[in-house]
Amino acid sequence: MSDGLDDVVAAHTVLSEVDGAAGRLVIRGHSLAELAGSTSFEEMAALMFDGLLPGLPLGREFPAALGKARTDLFGIVERTALSDDLGPVEAIRAWTAQIADGEEADTALRLLAAPAVFTAAAVRKRRGLAPIAPDPALSQAADTLRMLRGEAPTSAQAAALDTYLVTVADHGLNASTFAARIVASTRAGLVSAVLAGISALKGPLHGGAPGPVIEMLDAIGEPANARAWLEDALGRGERLMGFGHRIYRVRDPRADALKQAIARLGADAGRLRHAEAVEQAALAILRERKPGRSLETNVEFYTALLLEALGFPPEAFTCVFALGRTTGWLAHAREQIETGRLIRPQSVYVGPQPRQAA
Ligand code: ACO
């Protein structure tokens with residue numbers, strides 16, 4: 001028994017393998033290094049869904065079908081008013097809940113398109129700006145940036161977003177993917193499975209970490225302040241966001257894939273140097289404080305820098321993570337449905353027993 005299911009194996013999957021000791025990620029037979037930087041979001045989705053979603057238009061038809069799905073979804077933004085109190089993650093979850101389950105391949109296409117349309121709309125609405133309608137002729141990455149900022153991105157910016165989305169597309173049985181598989185196993189449908197994924201992803205121990213990374217970098221201000229600021233945070237019992245991982249005992253390979261993407265983008269060199277200084281200070285302190293436990297940089301640290309450089313506000317970082325990870329949630333949901341098996345573990349009751357009748 002383990003409260004965090006640390007060593008429990010709960011699925012066979014052809015989708016991805018995370019080797020925590022070697023720092024290696026394999027997705028459908030390819031190493032992350034082979035995929036990140038050379039694969040588009042659409043190509044990655046086609047790779048992930050291969051054999052799992054019959055009826056999905058693949059090949060050249062796939063980007064066009066995805067573009068059409070984005071256009072179809074814009075109506076949801078136009079006709080569904082949301083409370084101003086909702087942050088971007090809650091907004092994309094609320095709009096996604098407006099999608100009706102239908103034929104599986106068609107539903108999957110709409111769910112894949114949804115975070116692109118809804119993230120851009122949620123950010124613009126919070127800024128008091130009108131949402132921008134999708135352009136179905138663009139790639140999903142380029143259209144996401146265009147809908148967010150109101151102008152077409154450079155090809156380098158679209159490529160950087162593709163690299164991010166591919167890097168986070170799938171990662172074994174992480175918390176949100178497991179949540180999606182559990183819901184799919186009840187045959188509740190793909191929409192509910194993806195909603196479960198979004199809900200699990202938003203927590204700060206999972207996909208909610210990169211926003212606070214920016215807060216940390218900004219609060220530290222100067223590299224010379226890093227050590228004192230980080231010591232104080234640990235002294236208050238806080239965790240350092242962007243460090244540590246349940247599976248990796250070495251550096252998360254996704255951190256370097258994203259660092260390379262930042263370098264290729266030619267983003268603000270001063271900002272990158274500041275982040276590197278904070279990273280080194282944090283790693284040194286974590287080694288001192290937790291000598292028996294290897295706490296290394298995880299994917300979220302450089303996610304924060306890359307998404308900031310692309311113009312996403314920190315409160316929307318988790319939405320962009322969802323845009324990449326929906327591919328994994330959907331593929332895992334389909335894989336789970338194919339097992340025909342309900343996920344239903346057991347618990348050990350430690351409460352009181354009823355009193356014996358006198
Ligand atoms: N900062 C400070 N201390 C930490 C950190 C951290 N980032 N991560 C782990 N620790 C501590 C734990 O508190 C624990 O201390 P204790 O033994 O004194 O209680 C010890 O290190 C060992 O923790 P683990 O069991 O290895 O951590 P666990 O597997 O439960 O947690 C997690 C993994 C949730 C990612 C954790 O490292 C964390 O909270 N990191 C910060 C948040 C973050 O970056 N999340 C994104 C993860 S990547 C992703 O989900 C996409």
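Which members of the stretch 172-208 meet the condition of being among the hydroxyl-bearing types (Ser, Thr, Tyr), buried (at least 17 other Cβ atoms within 10 Å of the Cβ) and more than 28 Å from residue 309 (Cα to Cα)?
185, 192
Can you say whether residue 195 is out of contact with any Phe, Trp or Tyr (no Cβ under 8 Å at 6 or more places or on another chain), within 25 Å of residue 331 (Cβ to Cβ) and either in a loop (DSSP other than H, G, I, E, B) or at pLDDT below 95 (or both), as far as the supplied structure shows? Show your work before the answer.
Details: out of contact with any Phe, Trp or Tyr (no Cβ under 8 Å at 6 or more places or on another chain): yes; within 25 Å of residue 331 (Cβ to Cβ): yes; either in a loop (DSSP other than H, G, I, E, B) or at pLDDT below 95 (or both): no.
Against the criterion (out of contact with any Phe, Trp or Tyr (no Cβ under 8 Å at 6 or more places or on another chain), within 25 Å of residue 331 (Cβ to Cβ) and either in a loop (DSSP other than H, G, I, E, B) or at pLDDT below 95 (or both)), residue 195 does not qualify.
Residues being part of a loop (DSSP other than H, G, I, E, B) and surrounded by fewer than 18 Cβ atoms within 10 Å (Cβ to Cβ): count how many of those fall in the stretch 209-242. Can you show your working first?
Filtering the stretch 209-242 for residues part of a loop (DSSP other than H, G, I, E, B) gives 209, 221-222, 236-242.
Subsequent filtering for residues that are surrounded by fewer than 18 Cβ atoms within 10 Å (Cβ to Cβ) retains 221-222, 236-239.
Residues flagged as part of a loop (DSSP other than H, G, I, E, B) and surrounded by fewer than 18 Cβ atoms within 10 Å (Cβ to Cβ) within the stretch 209-242 amount to 6.
Quick check, is residue 75 of a type outside the set (Lys, Arg), free of Cβ contacts under 8 Å to residues at least 12 places away in the same chain and at positive phi?
No: the conditions fail for residue 75.
Residue-wise test of (1) within 23 Å of residue 298 (Cβ to Cβ); (2) touching a residue at least 40 places away in the same chain (Cβ under 8 Å); (3) of a type in the set (Lys, Arg).
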| position | (1), (2), (3) |
| --- | --- |
| 152 | no, no, no |
| 167 | yes, yes, no |
| 170 | yes, yes, no |
| 181 | yes, yes, yes |
| 185 | no, yes, no |
| 194 | no, yes, no |
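Check whether at least one residue in the stretch 203-221 is within 11 Å of the ligand (Cβ to nearest atom) and over 22 Å from residue 321 (Cβ atoms), and report yes or no.
The answer is no, given that none of the residues of the stretch 203-221 is within 11 Å of the ligand (Cβ to nearest atom) and over 22 Å from residue 321 (Cβ atoms).
Given the conditions (1) under 27 Å from residue 4 (Cα atoms); (2) part of a helix (DSSP H, G or I), and given that residue 203 satisfies all but one, which numbered condition is not satisfied?
Condition (2) is where residue 203 drops out.
The values are calculated or read from the model by the stated rules, or taken from the named source; none is laboratory data. Remember, predicted model here, so these are calculated numbers, not experimental data. Glycine also receives a Cβ, built like all others from the backbone with ideal geometry; neighbour counts cover every protein chain displayed.
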